[in-house]
1. So ALA459 passes all but one of these: (1) at pLDDT 90 or above; (2) more than 18 Å from the chain's Cα centre (by Cα). Which condition number does it fail?
2. Does ARG71 satisfy the condition of being open to solvent by 100 Å² or more (accessible area, probe 1.4 Å) and closer than 21 Å to LYS129 by Cα?
3. What are the pairs, 6+ residues apart or on separate chains, where a residue within the range 17-37 that is free of Cβ contacts under 8 Å to residues at least 24 places away in the same chain has its Cβ under 8 Å from a residue that is assigned to a loop (DSSP other than H, G, I, E, B) and of a type in the set (A, V, I, L, M)?
4. I need the full set of residues from the range 130-153 which are in contact (Cβ under 8 Å) with a residue 24 or more places away in the chain and over 15 Å from PRO176 (Cα atoms), in order please.
5. Right, GLU81: within 47 Å of the chain's Cα centre (by Cα), at pLDDT below 80 and among the charged types (D, E, K, R) or not?
6. I'd like the full set of residues that are closer than 21 Å to LEU229 by Cα, open to solvent by less than 50 Å² (accessible area, probe 1.4 Å), of a type outside the set (S, T, N, Q) and not in a strand (DSSP E or B), limited to the range 142-177.
7. Which members of the range 394-439 meet the condition of being at pLDDT 50 or above, part of a loop (DSSP other than H, G, I, E, B), open to solvent by 40 Å² or more (accessible area, probe 1.4 Å) and over 25 Å from ASP540 (Cβ atoms)?
8. Is it the case, given these coordinates, that GLU86 is at pLDDT below 90, under 45 Å from the mean Cα position of the chain (by Cα) and either within 26 Å of ALA164 (Cα to Cα) or part of a strand (DSSP E or B) (or both)?
Amino acid sequence: MEAPGGSVSQAVREHLRQLCLREFPCGLGSWNKSRFLPQRWSTWRELIPREEEEAAGAGEETEDSLLGLVRSPHSPWAWLEESSKEDCFLRELAIQNPLRLKDSFFYSYFRSLRIVDKEVSLVDRDLLKFMNLEELVLSANRIEEINAANLPPTLKVLELYGNAIASLECLCTCPPPGLQHLGLGHNKLLGPLESQYVTSNHWPSLVSLDLGFNNLTDLQSMMASLGTLRHLRLLVLQGNPLALVPYYRGFTIDSLPCLCVLDDITVSPNEKHQFRGLSLSGDLLACEAQFVVTIGNVTGVVDTSVLDSEPGPEGPFITYSYYVTYHFLEDEEGEGNEYGGVLAQIVKPSSLSTEILLQDFPEEGSQGAEESLESGALSASGELEESVGSGRSAVLPRSLDSAEELAKLRPRIDPRLCPSPGTVLFSTVRKPWADVITCGYEMQHTLRDLVPLKAFLLAGTTVTIVEEKILSWPVLPPAVESASTAKKGKGDKVKKGKEKEKRKEEKDKKGQDQGKGERDAAKERKASKKKEPPRELRQDPPVLRVLGHGLVGLEPLLMGEPLVATVCNFGVARTVESDKLTAARDAKNKKIAKKEKKRPEVPADEDDSRPAPLTVEVQVQLRQCRTAEEALRAFAARPPPDS
């Protein structure tokens, strides 16, 4: 048996061997050899008595019984489920006429070859022996380059999905002149020069082209080349970075007026009318993608404050707030900040920093990670700054560029709050606890580097619900004066004390003659003087705790979906006991108590005491233009990327 992989011809021979065309019940053997004796024996067979002839074929099977063995689903020789029509025909032919199965027959019989997931890496010259081959499918293999001279000139369909082809140049040396469909999706095509290989000079008869899920970025040059293919009717470009720009579909439809289907969606006459003239303004359109991230309500958060004891006169006074984080690629400067009421907290650890953090925080489950958060906060200083009402992104904290800074932060950072390399961390505004916390967050991200954007969408974004706990303490009064200073002013203090006593005695004498009203007024002034000024509080570094953490898949945005909307469910975090404590605390409020009296009492059997799960609403929308006017209005006024 030959090792898997290698050339196409080796894979074909291995496939024929697995069909067992020369083994029972196929081929020649004791089960059917008398039916295929050479013709020169026919005269001798006439001399053999009939009884002896029947005895000679007594151990053989009839043709119908042998065919029944390969057709019956209960037979051990039955066809496999993945068998093609060609495979079934060959097995039946090996029973009906095994002498016909020769190499010359195989090379002339096959019009379609499907060699999928066989680790093929070489398209060898033996493929030219298939004189009538029209369809060649070599998907999910390891092909990096193809010598087009080894492809049969009779090919009409060539599929090479899921390989490692980095350029179309290898296929353009001597392509099959009558090729009508070319499938190169899920390869590694990259760069603006690839558009020069999809012209009518190389593929004059091409009707269908699939270049989906590669790394093609230049939409304008690609349309200019595809416009030379007069017979092109079906086109797939989704999954490429160039398909992420808002005007992609409209620009493609207007550039290729004969196109019937784009990305498996029929091109309607209405679309052609709406995007008419857009292709003439290609040089004015900015090559960028726009996303709007929306974070809605958060439910099921545990009210941790009810578990804390009442603070004493010396503190600590504890406050809790909650927010949601997600990571995304960094926006272009000055872009994506017109959405009001947003706060972006950005963390940019270096790749080395991230690796060290992950080593220090192995995946030991959420419990261990939450315990690590109890000891500290996110930033080196322990303070998280906020942008004040501007809606612009604030950098929090500063980049971790040195090993010394990382060493300080190492015991205090949860890896779930560190974005992956190449991304930044965004967060909503902090909100106090509520049964339903309304984030009201909306942020637009504008990105021009589209190749990393595709990789990010394939990986998805991580959404995290964070609890921030801040302890505040009263500021201590200033220290007592030193002993030397006290000695110097000791004499002066004695004199001043005597003078105060004399003035006090005089006031007491005068006070006896004053009326009752004056005495009351004096008491009020004295009481007001005794009131202490409000205490100043100092805050400890915030303590962060991850309440929920999960991945939101964004791959549908690459596949043509304009919106990904999901509710992240992190399971039940609240308990019946914590809900009862929260209800008891709220009942102490007079306003809440009055409202509770007005409400009808709910029987204990009908009261639903099951805590709600911890959830957060997340939406990520890819902006798409619906008309040519909308695309020009949104992008024509933008400066070019190099300005």
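The values are calculated or read from the model by the stated rules, or taken from the named source; none is laboratory data. Keep in mind it's a predicted model, so treat the numbers as computed, not measured. Here Cβ is always computed from backbone atoms with ideal geometry, including for glycine, and neighbour counts include all displayed protein chains. SASA here: full protein model, heavy atoms, side chains in, ligands and nucleic acids out. Shrake-Rupley method; radii C 1.70, N 1.55, O 1.52, S 1.80 Å.
1. (2)
2. Criteria not met by ARG71.
3. From residues that are free of Cβ contacts under 8 Å to residues at least 24 places away in the same chain, the pairs are ARG17/MET1.
4. LEU138, SER139, ALA140, ASN141, ARG142, GLU145
5. On the way: within 47 Å of the chain's Cα centre (by Cα): yes; at pLDDT below 80: yes; among the charged types (D, E, K, R): yes.
Yes; evaluated as a whole, the condition is true for this residue.
6. ALA148, LEU155, LEU160, LEU168, CYS170, LEU171, CYS172, PRO175, PRO176
7. Listed by number, the residues that qualify are SER420, PRO421, GLY422, ASP435.
8. no
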